[in-house]
Each structure stands twice: as structure tokens, then as C-alpha cells.
Amino acid sequence: MTNRLLAGDYMRNKFTFKAQLFWGVIIAIVSCTLSFTLQKSFFMNAAWIIYGLMWIFHPVYPEGFDDKRGRQLARVAGIICIAIGLIVKFGIG
């Protein structure tokens, strides 16, 4: 087994700030499509919660931030996303 497959090092090195934003957009598009197709707002709420968990468990940040401050801001953004997912009803039904 190669070294890059051990302990998720490969994903940790490749999952950057831009990649996390990209996957957040993909999650939003898929969940929005499911919500409108199935007429269930659960999918939109679940997308916000999943996106928030991404920021909490893998706090990436732009290169301009220092390490401690960037991680804190990323986690706060994750908490805000989770709160939106738990509180807001998107009116789809």
C-alpha cells in the first residue's frame, strides 16, 4: 500500500479551500434538484448541515489567513451553516 493512501493523507493534501467551495456548490445543486423534484425541503436543509460539517471537520481557509485564525473562522462558518440548515424552512413543503 502506498504512503499516500494511509490515514487519508492524500485527501488531506488535495482537499483545498477551492475544492471545498466547489464541492459545496455541487452539494447545493444536487440537493436543490432533489428538493424541487421530490417537493421535499429536507434535502436543502440536509445540504446546509452537510456543508457546515465539512467546514467544522475540515477547516480549510485561503492562504492569506494565519493558521489559528483561519481555522476558527472556518469552524464559525460551519456552525452558521448548520444553524441555517436547522432553523430555516425553505418553503418547498
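Between Ala83 and Leu38, the FRET efficiency from the beta-carbon distance, with R0 = 35 Å, is close to 0.90.
FRET efficiency for the pair Val30 and Asp67, taken as 1/(1 + (r/R0)^6) with r the Cβ-Cβ distance and R0 = 35 Å, rounds to 0.65. Each peptide in 43-55, 27-39 gets a packing score, the mean of other Cβ atoms within 10 Å over its residues, and the list from highest to lowest is 43-55, 27-39.
Every number here is computed from the coordinates shown, using simple stated rules; none is lab data. All values derive from a computational prediction rather than experimental measurement. Glycine also receives a Cβ, built like all others from the backbone with ideal geometry; neighbour counts cover every protein chain displayed.
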